Amino acid sequence: MAPKPDTVLGVLRAAEGYLQARAVDAPRRSAELLIAHVLGATRLQLYLLHDRPLGEDERARLRAMVAERGRGVPLAYILGEVEFFGLALSITRDVLVPRPETEGLVELAVELAPRGARCVDLGTGSGAIAVALAHARDDVTVVAVDDSPAAIEVARRNVERHGLAARTELRCGSWWQPLRDEPPFDLLVANPPYVDPQRPDLLAPEVAAHEPHHALFAEGPADGAYRAILDGAAAHLRSGAPLLLETGVDTAQRALALLRDASFLEHSELRDDLAGLPRYLLARRP
């Protein structure tokens with residue numbers, strides 16, 4: 001027997017079909033998360049609510065959200081949050097949506113940060129890396145930097161949301177510029193913009209269309225952000241400090257060559273992510 005069209009199950013099937021017809025990735029998951037958001041429920045709770053009718057206000061809100069998703073707007077922007085490293089993070093269209101592969105960068109930072117380390121996260125965006133690292137390691141402090149005031153405000157929201165303000169500082173400025181008078185750090189981590197601006201085809205269409213280009217595309221050469229980071233790293237890292245950077249297929253080898261050419265670094269290497277793609281650049285100050 002077909003579900004009534006105004007019930008959770010009926011609306012879910014209609015939303016899924018609408019998104020599927022527009023070639024949205026994982027249409028069932030998107031429909032479930034959007035309905036759960038409107039109802040203030042979890043995705044799992046929907047299975048206990050299949051026969052619940054939706055009110056007109058709920059249906060109107062859902063229609064608007066499903067239409068946005070059908071236009072390719074990333075789900076995190078519509079919902080206003082995303083899960084990263086097991087933490088719920090606030091997200092706006094001023095910042096990138098943190099990716100699962102960046103969780104691998106955090107895992108390395110959690111593993112390699114010395115006891116009591118003072119860490120720096122350059123280009124923090126939503127603060128995802130800084131918040132996840134500080135949350136996972138209660139012995140470390142993190143200074144997070146971004147040149148976008150709007151991004152810093154999102155990061156501040158996430159720092160406060162997880163009660164990490166005492167161990168996480170936020171600075172607005174370009175790369176090392178707001179850290180000129182800081183003592184050296186024990187670990188550097190960054191996920192800089194590394195996509196060649198001439199190769200937007202390397203990105204998923206919804207990413208290229210909706211996420212902030214200044215956080216995706218390198219200015220000038222594709223390895224430009226790595227050069228900017230390395231320009232100040234020698235003066236800002238202690239002896240023995242690990243350096244951890246995210247990269248992508250098109251830029252990985254050029255960025256690795258920069259690390260290997262840097263006289264103040266040793267043990268430079270490139271590691272793959274879980275999908276087998278070159279993703280994590282590691283090096284260390286001697």
So in region 159-179, with the set limited to residues that are free of Cβ contacts under 8 Å to residues at least 12 places away in the same chain and among the aliphatic types (A, V, I, L, M), which one is farthest from Gly125 (Cα to Cα)?
Ala166
Give all pairs with beta carbons closer than 7 Å in which a residue from region 89-115 that is farther than 30 Å from Gly240 by Cβ meets a residue that is aromatic (Phe, Trp, Tyr) and surrounded by 17 or more Cβ atoms within 10 Å (Cβ to Cβ); count only pairs at least 6 apart in sequence or on separate chains.
Ile91/Tyr77; Arg93/Tyr77
Return only the number of the condition from (1) exposed (fewer than 15 other Cβ atoms within 10 Å of the Cβ); (2) in a helix (DSSP H, G or I); (3) modelled with pLDDT under 95 that Gly10 does not satisfy.
(1)
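Each row is one residue, and each column tells you yes or no for (1) closer than 26 Å to Val73 by Cα; (2) of a type outside the set (S, T, N, Q); (3) touching a Lys or Arg at 6+ places or on another chain (Cβ under 9 Å).
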position	(1), (2), (3)
Leu187	no, yes, yes
Pro192	yes, yes, no
Ala215	yes, yes, no
Ala218	yes, yes, no
Asp231	no, yes, no
Ser239	no, no, yes
Thr251	no, no, no
Ala257	no, yes, no
Arg285	no, yes, yes
So Ala150 fits all but one of (1) aliphatic (A, V, I, L, M); (2) surrounded by 19 or more Cβ atoms within 10 Å (Cβ to Cβ); (3) in a helix (DSSP H, G or I); what number is the exception?
(2)
Every residue from region 177-192 that is surrounded by fewer than 20 Cβ atoms within 10 Å (Cβ to Cβ), in contact with a strand residue (DSSP E or B) (Cβ under 8 Å, 6 or more places away or on another chain) and in a loop (DSSP other than H, G, I, E, B):
Glu182, Pro183, Pro184
Looking only at region 155-169, and only at residues there that are closer than 11 Å to Val131 by Cβ and among the aliphatic types (A, V, I, L, M), the one that is surrounded by the most Cβ atoms within 10 Å (Cβ to Cβ)
Ala155
Matching residues, region 196-223, being in contact with an Asp or Glu (Cβ under 7 Å, 6 or more places away or on another chain) and surrounded by 15 or more Cβ atoms within 10 Å (Cβ to Cβ)
Asp196, Leu202, Pro212, Ala218, Ala222
For region 229-286, what are the residues that are basic (Lys, Arg) and either buried (at least 16 other Cβ atoms within 10 Å of the Cβ) or modelled with pLDDT under 95 (or both)?
Arg254, Arg279, Arg284, Arg285
Test result for Ser268, closer than 22 Å to Val106 by Cα and polar (S, T, N, Q):
yes
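The values are calculated or read from the model by the stated rules, or taken from the named source; none is laboratory data. Keep in mind it's a predicted model, so treat the numbers as computed, not measured. Positions of Cβ are backbone-derived with ideal geometry, glycine not excepted, and every protein chain shown enters the neighbour counts.
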